[in-house]
Amino acid sequence: MILETERLHLRELEQADFSALCKILQDEETMYAYEGAFSEEEVQEWLDRQIGRYRKYGFGLWAAIRKEGEELIGQCGLTMQPWKDSEVLEIGYLFRRDCWHQGYATEAAKACKEYAFEVLKADEVCSIIRDTNLASQRVALRNGMTVKDSWVKHYRGVDMPHDRYAIAKMP
């Protein structure tokens, strides 16, 4: 276990999580900000990318396990993401649709922010969010972040405007 919140454990994803990840990444509505659901191959690539991040950085998107029932209901964690001409430390979150609007993303994101500042000694952490993803924007705002700048990312053949919400470590 990497982190614990009131209702969640966050731990590294592993191959055994593939089926649970499919329930998230293969849901059209959940994946609207990514222009649609992932194929099984794309889910495996996603999982492999997280495992590679753990080896390279010591962190990545982690499995969000609901304590009640010990069920994987989402992912939340820290990743290094390209932003304009640099890389930034990002808090990312993605939860199963039946777990939306229950505060899980905010709870996990706040724990990841604390981890970034206290364990990784980061000066700033951000969340990069598509301009149409209002729910994720609200999570970033509840996590104390504000919009710092914008950029258009190109993904799956689509130009997608994104905003970078960020917060600096308090002195």
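Conditions (1) in a strand (DSSP E or B); (2) in contact with a His (Cβ under 6 Å, 6 or more places away or on another chain); (3) touching a residue at least 40 places away in the same chain (Cβ under 8 Å), marked per residue:
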site	(1), (2), (3)
Ala108	no, no, yes
Cys112	no, no, yes
Lys121	no, no, no
Ile128	yes, yes, yes
Val139	no, no, yes
Val147	yes, no, no
His154	yes, no, no
His162	yes, no, no
Taking Cys112 and the conditions (1) more than 25 Å from Val147 (Cα to Cα); (2) under 15 Å from the mean Cα position of the chain (by Cα), which numbered condition does it fall short on, given that it satisfies the others? (1)
I'd like the full set of residues that are more than 14 Å from the chain's Cα centre (by Cα) and either outside any strand (DSSP E or B) or under 14 Å from Trp62 (Cβ atoms) (or both), limited to region 86-99. Arg97, Asp98, Cys99
Just checking, how many residues over region 21-42 are farther than 26 Å from Val152 by Cβ, surrounded by fewer than 20 Cβ atoms within 10 Å (Cβ to Cβ) and in contact (Cβ under 8 Å) with a residue 12 or more places away in the chain? 4
Being surrounded by 15 or more Cβ atoms within 10 Å (Cβ to Cβ) and of a type in the set (D, E, K, R) narrows Glu12, Glu45 down to just Glu12
Take the residues in region 2-20 that are assigned to a loop (DSSP other than H, G, I, E, B) and under 17 Å from the mean Cα position of the chain (by Cα); name whichever of them is farthest from Lys153 (Cα to Cα). Thr5
Of all residues in region 19-36, how many are touching a helix residue (DSSP H, G or I) at 6+ places or on another chain (Cβ under 7 Å) and under 16 Å from Ala64 (Cβ atoms)? 5
Does region 155-168 contain at least one residue that is acidic (Asp, Glu), closer than 25 Å to Ile24 by Cβ and touching a helix residue (DSSP H, G or I) at 6+ places or on another chain (Cβ under 8 Å)? yes
So Ala109, is it under 15 Å from Leu10 (Cβ atoms), in contact with a helix residue (DSSP H, G or I) (Cβ under 9 Å, 6 or more places away or on another chain) and either of a type in the set (D, E, K, R) or at pLDDT 95 or above (or both): yes
Residues (surrounded by fewer than 17 Cβ atoms within 10 Å (Cβ to Cβ) and hydroxyl-bearing (Ser, Thr, Tyr)) located in region 114-171: Thr132, Thr146, Ser150, Tyr155
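Go through region 40-66 and give me each residue that's more than 18 Å from Cys22 (Cβ to Cβ), touching a strand residue (DSSP E or B) at 6+ places or on another chain (Cβ under 9 Å) and not in a helix (DSSP H, G or I).
Of everything in region 40-66, those that are more than 18 Å from Cys22 (Cβ to Cβ), touching a strand residue (DSSP E or B) at 6+ places or on another chain (Cβ under 9 Å) and not in a helix (DSSP H, G or I) turn out to be Phe59, Gly60.
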Would you mind stating whether Glu90 is loosely packed, with under 12 Cβ neighbours inside 10 Å and modelled with pLDDT of 95 or more? no
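The values are calculated or read from the model by the stated rules, or taken from the named source; none is laboratory data. What you see is a predicted model, and the numbers here were worked out from it, not measured in a lab. Cβ atoms come from the backbone with ideal geometry, glycine included; neighbour counts cover every protein chain shown.
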